[in-house]
Each structure stands twice: as structure tokens, then as C-alpha cells.
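These notes are about the structure you will find just below.
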Amino acid sequence: MEELDLISKRLRIHFPHLFSDHPYPSHPSIYLAHNTFLHTKSPPPKASKRAAASEEVTRHFYGGKGDLAHLGGFIQRDNQTISENLWNFLLSQFAVKSIVDVGCGKGFSTSYFLNKGAKVLCIEGSKDAIANTVLPSNVIIEHDFSRGPWWPSETYDIAWSTEFLEHVGRQYMRNYMPVFAKSALVFVTVSGWGGWHHVEVHNQKWWIGRFEAMGFVFSREITDWIRSQTRVDLSASSAQALFFGLMV
């Protein structure tokens, strides 16, 4: 809980009106309204089964060899979701010391924070991604959210999740939401176009409604502030998913 308190102090400096004890709060709280998972033990993680030869599918340039069809979908290195300027900003100005990466793929985002000294945890369902990860095995949890819920025992400063939400059917949303509930702030991107197993393609308003229905609070101010930090890295091939799609 000390990590959550540190994030809270930093946010109070920049956005004091977001907190419920401020005389004129614009939101009920920056934290979850109903966080029931902070002190609840998670069931064990459940890895996906490997695809049988008859279940193999052609993925073209998407990763996921040997995975069931609903897994994979990562690419070698997705520069659209990478912004070192933003990550440095989070490490310095938000004093981020720990991060849980949901749907981390091969772990490029996670590894940046790990190399900067942060405590990290990578949650991934694709066996192909894990087999080719850039991360040490002790920071990876292999779990397929279509097989049930899982969440970490510890709390984290932030949850980071890019190119994940659209891959998981809404019937499984309650299986991954507890992971986000263990973080002070949640950083997610959503997709408005097709891709490998993009089964939940919706606009940002739809996703905000889904998160808020589960007790989360969306902040337009923090979202805009965070997106602005990606502008340094923005190009036709870099950081666009963050600049246009990141939400906090």
C-alpha cells in the first residue's frame, strides 16, 4: 500500500481536485470505487493448452505459432505502443516503482521498466510470446483469461496494457479486471480497427463505460497529460497507438 500512497501524493500535487477529500472534487476518487481484490487470494494461474495440428491457423505476420486461435496476435516489436519519453516521465514525475503489464507479448514495454530498476510483472497467455520473451522467467505469469480469473497478490503503481483489451471477449472481462484493480493507475489502449482476433473493437466511450461500471474512474485530464508525453516519439511508425488511444 506504500506504493499506492506515493502515487497518490504525486497526483495530489498536479490534480488535487480529483480526490474526494478536496472541497470541490471532480471525481469521487482517483482510486477504484469498489476494490474487492486488494486482500483476496487469487486462484492459481491457468496456462492455455497448445493447439493441435488440426487447430493451427495461418497468422501471416502475427505471432502465436502453436497457440490456440484466440491467443497470439503480437508482432515482433510494436513500435506503435512504445514511447520511451512517456515511460521516463512515468518513472520520474509519477515516481513509478512497480508495474504490471497485462498482455505483455514478448515483454518490450515491461523490460524497459525492469532495466530502470522497477519491480515488474508480465502476464501473458501466448506460449509463443513467452518462448521468445526478452524478460527473465521469474517476472512472467502464464495465464489465459478465457480459462478464469487471476490477479497478483501485491499491489502495483500502474497497470500497463496495450493491444490487449480488443483480443479478449467481453464474457471474460471479469477475469482480467481484478489485475487492474490491484494498481493505483491503469493505462490501456483500445483498438478501433481489425487485427488478429480483435473481437472487441469499440470506441473509447464504450470502454470508459465498461470500466466505470466496474468501479474505475476515467480522468480526461491525466489522459491528455499522459498522451502529450508521447508526442516526442510520435511518427508514422511510432507511438501512434499511445498518442491517439491511450486512456488513464
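Out of the residues in the stretch 114-138 that are touching a Ser or Thr at 6+ places or on another chain (Cβ under 7 Å) and either part of a loop (DSSP other than H, G, I, E, B) or among the hydrophobic types (A, V, I, L, M, F, W, C) (or both), which is farthest from residue 45 (Cα to Cα)?
Taking the stretch 114-138 first, the residues touching a Ser or Thr at 6+ places or on another chain (Cβ under 7 Å) are 118-120, 122, 125, 127, 134-135.
Checking which are either part of a loop (DSSP other than H, G, I, E, B) or among the hydrophobic types (A, V, I, L, M, F, W, C) (or both) leaves us with 118, 120, 122, 125, 134-135.
Working: 118: 23, 120: 17, 122: 13, 125: 10, 134: 21, 135: 19 Å.
For the stretch 114-138, the residue satisfying everything is 118.
Which of the residues spanning the stretch 122-157 are crowded, with 23+ Cβ neighbours inside 10 Å and out of contact with any helix residue (DSSP H, G or I) (no Cβ under 6 Å at 6 or more places or on another chain)?
Result: 123, 125, 126, 129, 143, 144, 156.
For the stretch 147-174, how many residues are assigned to a helix (DSSP H, G or I) and in contact with a strand residue (DSSP E or B) (Cβ under 8 Å, 6 or more places away or on another chain)?
To start, the set of residues in the stretch 147-174 that are assigned to a helix (DSSP H, G or I) comprises 147, 165-167, 170-174.
Filter again for in contact with a strand residue (DSSP E or B) (Cβ under 8 Å, 6 or more places away or on another chain), leaving 165.
Residues meeting the conditions: 1.
Please tell me if residue 125 is at pLDDT below 90 and in contact with a His (Cβ under 8 Å, 6 or more places away or on another chain).
Working: at pLDDT below 90: yes; in contact with a His (Cβ under 8 Å, 6 or more places away or on another chain): yes.
So residue 125 fits the description; yes.
Among the residues of the stretch 196-217, how many are within 21 Å of residue 179 (Cα to Cα) and outside any loop (DSSP other than H, G, I, E, B)?
Result for the stretch 196-217: 9.
Scan (1) on the phi > 0 side of the Ramachandran plot; (2) at pLDDT 90 or above for the single condition residue 66 breaks and write down its number.
(2)
From the residues in the stretch 218-232 that are of a type in the set (Ser, Thr, Tyr) and outside any helix (DSSP H, G or I), which one is surrounded by the most Cβ atoms within 10 Å (Cβ to Cβ)? I'd like the intermediate steps shown before the answer.
Filtering the stretch 218-232 for residues of a type in the set (Ser, Thr, Tyr) gives 219, 223, 228, 230.
Add one more test, that the residue is outside any helix (DSSP H, G or I), and what stays is 219, 230.
On the way: 219: 18, 230: 24.
Here the answer is 230.
The values are calculated or read from the model by the stated rules, or taken from the named source; none is laboratory data. Keep in mind it's a predicted model, so treat the numbers as computed, not measured. Glycine gets a Cβ as well: all are built from the backbone with ideal geometry, and neighbour counts include every protein chain shown.
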